[in-house]
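The values are calculated or read from the model by the stated rules, or taken from the named source; none is laboratory data. Only a predicted model underlies this, so the values are computations on that prediction, with no experimental measurement involved. As a convention, Cβ positions derive from the backbone with ideal geometry for all residues, glycine included, and neighbour counts pool all protein chains shown.
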């Protein structure tokens, strides 16, 4: 069964088509063609002796080329990677007698807070209970200094 | 030879043909943007919406698959539950007519009860193995409701996307594109909730029941209203009637009915009612922040809040509220550590309230509002 194979810390990737909008592709290719033309003119201008104009045209050509390739790559990436992040959920087990013994393990189906467990406390032999279940979110939230 | 003195004026600047061609292209782009700028902007927006729609469809399909897998694994159905689940995902509820609003709360309450019963019956039919396992039935119902929410979000976004494309209306697309980040956040939260419900993990909304659970743990409990439990607990020399939805199954209970019953059982002799719930935080506020206030801290369609307010007004009982702040994503996904850590702070706040606002020997009601999934008592 699919669910049995799932771990608690799983990321799934979209198995969908990499279809990119034809409009976007058209715009990217027009910009690419113009950038190539700009590069050719830059070479032409350089041999004619106008080095400043050649430099400007070359810079425009290179920037346009890089941007169009990046845009095309980005649009394909965005479609290909739609992910659902499943965070790791931890179960904390403590002693009912409050002997300060605490253990932590990955969540298992059937766990719930205040569930008394069959296994006894290794420290004092008392009953064990699930005291908390939570996920830890690692990424730091962006602060805006306001 | 004498020069004429007249200069040749060209519409297209440049001396060589390549520069002229480039200039012409620039003119074409410039004029094109004047006339079609808005349309190009719209296509870019449509593209953004389309990407999000693909992602929403994926999330929705995953949600449905998860629901089917859980039902197959736990419920052991004899036939394929897919078609039944498809039908379940399309269920709708019609709100009662409000032209004459008198008595609308009872009507809404009845409709919500009918809906809940109907959906539970459906889950029992899908999962015959779990006929008597209320915990799993509740969890499955919650899982399917999350899948239902994802299906609805996808369909609404798709509706406006197609409408925008059909009419080529910038304003339809623009409105959709503007709210899309919030819609996506909600959809991702439901996707996360789906897994939490399928596994029976506590969620952020369970902060209230967790506070109540910690206060009542170790004391005798009894059923008070539908899906609600209560325990009588001595706190700071007062008697506290602690109420929460019955766990560990996914369940919010009927706190309105439970509070009504507790007040009537004590003939209105209650010093105060303290409600603890998860509250939506504003951007910039910390997750798990505990805040205190006045009023019925309970969400939903308003039926429970109405019942509680009616009873409190009748007996002139003061109503205090404590909220544990979190955003919508945190509320429906597995409980964050920050929220879990704030439970003890909320309990301290409850005790402080009791000490400062009631006298020894008084009776108080404490309600932990929220979904009890993964939280026992």
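Among the residues of region B:233-251, those identified as closer than 30 Å to residue B:143 by Cα and either in contact with a helix residue (DSSP H, G or I) (Cβ under 8 Å, 6 or more places away or on another chain) or free of Cβ contacts under 8 Å to residues at least 60 places away in the same chain (or both) are B:242, B:243, B:244, B:245, B:247, B:248, B:249, B:250, B:251.
Restricting B:37, B:75, B:63 to residues that are surrounded by fewer than 16 Cβ atoms within 10 Å (Cβ to Cβ) and modelled with pLDDT under 90 narrows the list to B:37. Of all residues in region A:108-143, those that are over 22 Å from the mean Cα position of the chain (by Cα) and assigned to a loop (DSSP other than H, G, I, E, B) total 13. Could you say whether any residue in region B:284-298 is within 14 Å of chain A (Cβ to nearest Cβ), without any contact (Cβ under 8 Å) to a residue 12 or more places away in the chain and not in a helix (DSSP H, G or I)? Yes: region B:284-298 contains one or more residues that are within 14 Å of chain A (Cβ to nearest Cβ), without any contact (Cβ under 8 Å) to a residue 12 or more places away in the chain and not in a helix (DSSP H, G or I). Between B:83, B:98, B:52, the distinction of being surrounded by fewer than 19 Cβ atoms within 10 Å (Cβ to Cβ) and assigned to a helix (DSSP H, G or I) belongs to B:83 only.
Residues in region B:197-216 that are part of a helix (DSSP H, G or I) and facing chain A (nearest Cβ under 8 Å): 4 in all. Within region B:334-374, can you find the residues that are in a loop (DSSP other than H, G, I, E, B), on the phi < 0 side of the Ramachandran plot and within 12 Å of chain A (Cβ to nearest Cβ)? Result: B:335, B:372, B:373. Apart from one condition, residue B:377 fits all of (1) part of a helix (DSSP H, G or I); (2) within 14 Å of another protein chain (Cβ to nearest Cβ); the exception is (1).
Scanning region A:78-103 for residues that are under 23 Å from residue B:63 (Cα atoms) and at pLDDT below 85 gives A:78, A:79, A:80, A:81, A:82, A:83, A:84, A:85, A:86, A:87. Filtered by the rule that a residue be farther than 13 Å from residue B:144 by Cα and touching a residue at least 24 places away in the same chain (Cβ under 8 Å), region B:119-131 gives B:125, B:128, B:129, B:130.
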